[in-house]
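Peer 1: This is the structure, below, for whatever I ask next.
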Amino acid sequence: MKNIPDVKLGIIAVSRDCFPAVLSIKRREAIVNAYSGEIYECPVTVENEADMLKAVADVTDKGCNALVVFLGNFGPETPETLIADKFDGPCMFVAAAEGDGDLINGRGDAYCGMLNCSYNLAMRHISAYIPSYPVGTADDIAKMIEDFIPIARAYIGVKNLKIITFGPRPQDFFACNAPIKGLYEMGIEIEENSELDLLVSYKEHAGDARIDEVCRDMADELGVTGNNYPELLPRMAQFELTLLDWAEAHKGARKYVCFADKCWPAFPEQFGFEPCYVNSRLASRGIPVSCEVDIYGALSEYIGACISQDAVTLLDINNSVPASLYESDIKGKAPYTLTDTFMGFHCGNTPSCKMCADRAVKYQLIQHRLLEPEGSEPDFTRGTLEGDIAAGDITFYRLQCDSEGVLRSYIAHGEVLDVPTGSFGGIGVFAIPEMGRFYRHVLIEKHFPHHGAVAFGHYGKALYEVFRLLGVKDISYNKPAGSLYESENPFA
C-alpha cells in the first residue's frame, strides 16, 4: 500500500509588465538547469490574471501537486498570489538575485517584489512556504527547492489524510485528548470507530487465504532468534490484514491513512495477543498505528514518515536514567549531563529496522501483571516487539491540539545512545541537549502528553516549516543554556 505522496513539482515564473519578461524566462530556465531533480517548467509566464489561470490549468493538467512560484523580476503581486489561491497544493515563493546582467535593463528588483508578494499573501490569508532567505541565484534556488520537497510531501500527505481510530482511549489517559477542531483546521478527515468494530472485522478475516504469506514474511523479518512464538503468527497476520483491508475500504475520498487504536486492557483478552508487533510492521511501511488512541500522536508520526521517507515510532517520554547507569556508561563518553538523558519506551511498537539485532517478539510485562493470573505463563499478553532501540540521531517532536483547541508543537534534535538499557519493552537511552529544562518549561508547562513521535535522523528544519505551513503558531524547541524560556525563573 502506497501511503506517502510522491511530489511532482512545477515551476511558474511571474513578471511585472513594466519589467522585461525575458528576465523571468531566462532565470526560470537557469533554475531548471541547475536543479538535479524532476521539475515541470510551465511555459506560461504570468503577467496578469488571465495568464495566471492558464498557468494553473497547465501545471494541473501535467499532474503537478506542488509549485515553485518564481519572481524573476518584481512580479505582479495580485496574479502571483492568486496562483497559490487557485492551485491545489503547496506553493513556495522565491525571487531572483541580481548579477546575471547589467543593472539597467538587466535589473529585476525581485528583492523588493518579494515584500509586496508576502504582504498580498497575508491579506488573502494564503499559506505559502517562503524560505528563510528567499532571494538567490539559480544554484541557490535549486537548493531551496531540495529543502521544499520534504515539506511539500508532508503537506500534501496531511491535506489528503484520514485518521482512523478504534477507541475510546483507555481510562485515565486524558492526556491523549484529541479535539477534532484542530484536525479540521488542518484539512484532515477522521473516522472514529469502536474497538468492537475492529473485533468483528478481525473475526471475519479468519481463514483468510493471505495469512500464510504474511506469516512467512513475519518469520523472515524476525529470524530464528526473534520469533519466540511461531504459533502466534497466524493471529497477528490476521490482524495485519484486518487493518490493511479496513484502510483500503474506508479511506473514502482521501488518499492516505493512519490509525490510532485502543490496545488495552480489553484488546489482548479478546484478540488473544498484543497488537504491538503488527503496529510496528505497518509503521515501517508509512502507515503509523499509534497506541492508546493517540490521534495527534498518529498524525505526528505520519508527518515524520512523509518528511523522512523512513520508519518512525511513538514512545513514552518514560523514565529517568539511573545515576549509576549514567556514571558507568555515559559520563565522560558523551557530552550530556544526567538531566539531558531519559528513556523513551513503549510496549513494542518500534519497527524492527530501528532496533538492535537482538529484538524479538515477547510478552508485555505490565499487561501480564494486570490481566493474567499471578505466577502464570504469559498467554494473551504476547505480541510485543522488544529490545533496545538502535543508536543514532533522532528528532523528538509532536503536534498537538490542546484541551482549549489551540495547536501546539515541539521539536528537539538528539540521539539514542549506544547504552544497554537493561529494561523491557521497545526502549532506548535518549539524550537531548538541555532536556531537563525542555522537559519542565515546554513539555510540562504547555501540558503536552507523555507520547512523543520519533523520526530517525535530524529533521527539525523541515518539521518546523511544515508546522508553520499548517498554521501552528506555537512551535517550541529545546533552548540552549543561557536562553530562558518564558516560564523559567531568571533567579534560579
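The values are calculated or read from the model by the stated rules, or taken from the named source; none is laboratory data. Please read these numbers as outputs of a predicted model, since none were measured by experiment. Cβ atoms come from the backbone with ideal geometry, glycine included; neighbour counts cover every protein chain shown.
Peer 1: Scan the stretch 134-146 and give yes if some residue there is touching a strand residue (DSSP E or B) at 6+ places or on another chain (Cβ under 6 Å), surrounded by fewer than 20 Cβ atoms within 10 Å (Cβ to Cβ) and not assigned by TED's automatic domain parsing to the domain that holds Gly471, otherwise no.
Peer 2: The answer is yes, given that some residue of the stretch 134-146 is touching a strand residue (DSSP E or B) at 6+ places or on another chain (Cβ under 6 Å), surrounded by fewer than 20 Cβ atoms within 10 Å (Cβ to Cβ) and not assigned by TED's automatic domain parsing to the domain that holds Gly471.
For (1) in contact with a Gly (Cβ under 8 Å, 6 or more places away or on another chain); (2) of a type in the set (D, E, K, R), each residue gets a yes or a no:
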| residue | (1), (2) |
| --- | --- |
| Val312 | yes, no |
| Leu315 | yes, no |
| Val321 | no, no |
| Tyr326 | no, no |
| Asp329 | no, yes |
| Thr339 | yes, no |
| His346 | yes, no |
| Thr350 | yes, no |
| Cys353 | no, no |
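A quick yes/no check of all residues on (1) in a helix (DSSP H, G or I); (2) in contact with a Gly (Cβ under 7 Å, 6 or more places away or on another chain); (3) among the acidic types (Asp, Glu):
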site	(1), (2), (3)
Leu244	yes, no, no
Glu248	yes, no, yes
Arg254	no, no, no
Cys263	no, no, no
Glu269	yes, no, yes
Glu274	no, yes, yes
Val278	yes, no, no
Val293	no, yes, no
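Peer 1: Take Tyr477 and decide whether it is under 26 Å from Cys306 (Cβ atoms), surrounded by fewer than 21 Cβ atoms within 10 Å (Cβ to Cβ) and hydroxyl-bearing (Ser, Thr, Tyr).
Peer 2: So Tyr477 passes the test.
Peer 1: Being under 26 Å from Arg369 (Cα atoms) and either free of Cβ contacts under 8 Å to residues at least 24 places away in the same chain or of a type in the set (D, E, K, R) (or both) is the filter here, so list the residues in the stretch 255-280 that pass it.
Peer 2: Passing the criteria: Asp261, Lys262, Glu269, Glu274.
Peer 1: Which ones in the stretch 110-150 are in contact (Cβ under 8 Å) with a residue 12 or more places away in the chain, in a loop (DSSP other than H, G, I, E, B) and under 28 Å from Gly304 (Cβ atoms)?
Peer 2: Ile126, Ser127, Ala128, Ile130, Pro131, Pro134
Peer 1: How many residues are of a type in the set (A, V, I, L, M), closer than 15 Å to Phe87 by Cα and in a helix (DSSP H, G or I) when one looks only at the stretch 22-56?
Peer 2: Matching residues across the stretch 22-56 total 5.
Peer 1: State yes or no: is Ile411 outside any loop (DSSP other than H, G, I, E, B) and out of contact with any helix residue (DSSP H, G or I) (no Cβ under 6 Å at 6 or more places or on another chain)?
Peer 2: no
Peer 1: Tell me, yes or no, whether the stretch 246-254 has at least one residue that is touching a residue at least 60 places away in the same chain (Cβ under 8 Å), surrounded by 15 or more Cβ atoms within 10 Å (Cβ to Cβ) and in contact with an Asp or Glu (Cβ under 8 Å, 6 or more places away or on another chain).
Peer 2: yes
Peer 1: Related question: What is the one condition in (1) touching a helix residue (DSSP H, G or I) at 6+ places or on another chain (Cβ under 6 Å); (2) crowded, with 16+ Cβ neighbours inside 10 Å that Gly187 does not satisfy?
Peer 2: With respect to (1) touching a helix residue (DSSP H, G or I) at 6+ places or on another chain (Cβ under 6 Å); (2) crowded, with 16+ Cβ neighbours inside 10 Å, Gly187 is out only on (2).
Peer 1: Something else now. Out of all the residues in the stretch 437-492, which are touching a Leu at 6+ places or on another chain (Cβ under 8 Å) and in a helix (DSSP H, G or I)?
Peer 2: Correct list: Phe467 only.
Peer 1: In the stretch 191-229, which residue that is of a type in the set (Lys, Arg) and within 26 Å of Ala260 (Cβ to Cβ) is surrounded by the most Cβ atoms within 10 Å (Cβ to Cβ)?
Peer 2: So, considering only residues that are of a type in the set (Lys, Arg) and within 26 Å of Ala260 (Cβ to Cβ), the one surrounded by the most Cβ atoms within 10 Å (Cβ to Cβ) is Arg210.
Peer 1: Just for the stretch 422-433: of the residues that are over 21 Å from the mean Cα position of the chain (by Cα) and surrounded by 20 or more Cβ atoms within 10 Å (Cβ to Cβ), which one is farthest from Gly482 (Cα to Cα)?
Peer 2: Gly425
Peer 1: Across the stretch 57-95, which residue is nearest to Val46 (Cα to Cα) among those that are among the small types (Gly, Ala, Ser) and surrounded by 24 or more Cβ atoms within 10 Å (Cβ to Cβ)?
Peer 2: Among them, the one singled out is Gly75.
Peer 1: Continuing with this model, one more query. Sort out which residues of the stretch 307-364 are under 16 Å from Val416 (Cα atoms), of a type in the set (Asp, Glu) and outside any helix (DSSP H, G or I), and write them in order of number.
Peer 2: Answer for the stretch 307-364, where residues must be under 16 Å from Val416 (Cα atoms), of a type in the set (Asp, Glu) and outside any helix (DSSP H, G or I): just Asp316.
Peer 1: Assess whether Glu386 counts as being of a type in the set (D, E, K, R) and more than 22 Å from Tyr302 (Cβ to Cβ).
Peer 2: yes
Peer 1: On the given criteria, is Leu315 closer than 23 Å to His451 by Cα, surrounded by 14 or more Cβ atoms within 10 Å (Cβ to Cβ) and without any contact (Cβ under 8 Å) to a residue 40 or more places away in the chain?
Peer 2: Criteria not met by Leu315.
Conditions (1) under 30 Å from Ile287 (Cβ atoms); (2) outside the structural domain of Pro134 (by TED's automatic domain parsing); (3) among the β-branched types (Val, Ile, Thr), marked per residue:
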| position | (1), (2), (3) |
| --- | --- |
| Ala13 | no, no, no |
| Phe19 | no, no, no |
| Ile25 | no, no, yes |
| Cys42 | no, no, no |
| Asp58 | no, no, no |
| Ala66 | yes, no, no |
| Gly75 | no, no, no |
